[in-house]
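Q: I have a structure I would like to understand better, so I am pasting it below and will then ask my questions one at a time.
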Amino acid sequence: MTDLIYPTTPAPLLPGSGRGDVLEMLPIVDLQGNVSAQAVRSFCHAGTKPLHPVVHLHIINRNGELYLQHRSASKDLFPLRWDTAVGGHISYGEYVIEALFREAGEELGFFDFNPVWLDTYEFESQRERELINVFAAVGNFNLKPDGEEVLEGRFWSEEEIAANLGMEVFTPNFESEYLRIKQSLQSLL
């Protein structure tokens with residue numbers, strides 16, 4: 001896991017990023033997690049591509065099925081696609097593990113789990129660059145999608161996922177990450 005290293009004084013605002021809502025400020029980092037600046041979320045998604053950290057949580061049940069969330073229509077990136085169980089930006093001033101539990105609580109009402117770190121990697125799309133911290137949790141959990149960010153969720157078998165790869169059912173980020181960590185997920189069972 002790449003934990004974030006904040007400067008001793010507040011990091012400067014990234015030039016040209018605007019101020020926006022303080023609650024939407026994201027840390028701008030290097031690949032080692034050193035925070036050098038901060039920027040509003042919309043700036044980070046506008047094609048300017050400053051590297052900003054996020055968390056992902058994959059949830060596997062005891063049958064080896066992977067829980068996926070169905071993204072709401074209001075999402076600015078890939079609405080109505082299936083995606084990682086939990087995913088979200090790390091807010092400025094927050095640490096990786098804090099963001100993981102906050103996002104799991106917000107999206108699925110999920111607080112009681114023991115996360116296992118799997119990977120940290122850089123992901124770049126046409127609109128943004130993210131430093132993704134990937135975790136997993138194994139168990140039979142009671143998950144409650146929030147209905148706003150997450151329309152619904154369900155467990156998918158490995159065969160179901162394989163049959164839908166490349167069919168625009170999943171987000172591109174989920175597809176590439178799943179292929180990257182599939183063996184690590186299986187080793188947790």
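Q: What single numbered condition from (1) over 29 Å from P10 (Cα atoms); (2) more than 13 Å from the chain's Cα centre (by Cα); (3) touching a residue at least 24 places away in the same chain (Cβ under 8 Å) fails to hold for R127?
A: (1)
Q: Are there any pairs with C-beta distances below 6 angstrom linking a residue in region 68-92 that is within 14 Å of E103 (Cβ to Cβ) to a residue that is assigned to a loop (DSSP other than H, G, I, E, B) and open to solvent by 20 Å² or more (accessible area, probe 1.4 Å), with the two at least 6 apart or on different chains, and if so which?
A: Between residues of region 68-92 that are within 14 Å of E103 (Cβ to Cβ) and residues that are assigned to a loop (DSSP other than H, G, I, E, B) and open to solvent by 20 Å² or more (accessible area, probe 1.4 Å), the close pairs are R71/P79; R71/R81.
Q: On to the next question. Taking region 39-62 only, how many residues are at pLDDT below 95 and of a type in the set (S, T, N, Q)?
A: 2
Q: Here is a further query. So, P79, is that one closer than 30 Å to A37 by Cα and part of a loop (DSSP other than H, G, I, E, B) or not?
A: Against the criterion (closer than 30 Å to A37 by Cα and part of a loop (DSSP other than H, G, I, E, B)), P79 qualifies.
Q: Provide a single number: the residues in region 34-76 that are farther than 27 Å from F111 by Cβ and either of a type in the set (F, W, Y) or part of a loop (DSSP other than H, G, I, E, B) (or both).
A: Residues meeting the conditions: 7.
Residue-wise test of (1) among the polar types (S, T, N, Q); (2) under 15 Å from V134 (Cα atoms); (3) open to solvent by 50 Å² or more (accessible area, probe 1.4 Å); (4) within 16 Å of the chain's Cα centre (by Cα).
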{"position": "P12", "(1), (2), (3), (4)": "no, no, yes, no"}
{"position": "L26", "(1), (2), (3), (4)": "no, no, no, yes"}
{"position": "V55", "(1), (2), (3), (4)": "no, yes, no, yes"}
{"position": "H58", "(1), (2), (3), (4)": "no, yes, no, yes"}
{"position": "L66", "(1), (2), (3), (4)": "no, yes, no, yes"}
{"position": "G87", "(1), (2), (3), (4)": "no, yes, no, yes"}
{"position": "I97", "(1), (2), (3), (4)": "no, yes, yes, yes"}
{"position": "L100", "(1), (2), (3), (4)": "no, yes, no, yes"}
{"position": "L108", "(1), (2), (3), (4)": "no, no, no, yes"}
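Q: Also, I was wondering about something else. Could we say that S157 is among the small types (G, A, S), out of contact with any strand residue (DSSP E or B) (no Cβ under 6 Å at 6 or more places or on another chain), in contact (Cβ under 8 Å) with a residue 60 or more places away in the chain and within 19 Å of L4 (Cα to Cα) here?
A: Criteria not met by S157.
Q: Please note which strands (runs of 3 or more DSSP E) are completely contained in region 84-189 and include at least 1 residues that are touching a His at 6+ places or on another chain (Cβ under 8 Å) and farther than 22 Å from M25 by Cβ. So that I can check it myself, show each step before the final result.
A: On the way: elements: 86-89, 116-124, 129-138, 150-156.
Filter on region 84-189 gives 116-124, 129-138, 150-156.
Q: Given the conditions (1) modelled with pLDDT of 95 or more; (2) surrounded by fewer than 21 Cβ atoms within 10 Å (Cβ to Cβ); (3) of a type outside the set (S, T, Y), report the number of the one that D76 does not fulfil.
A: (1)
The values are calculated or read from the model by the stated rules, or taken from the named source; none is laboratory data. Please read all numbers here as calculations on a predicted model, not as lab measurements. Cβ sites come from the backbone with ideal geometry, for glycine too, and all protein chains shown count toward neighbours. SASA here: full protein model, heavy atoms, side chains in, ligands and nucleic acids out. Shrake-Rupley method; radii C 1.70, N 1.55, O 1.52, S 1.80 Å.
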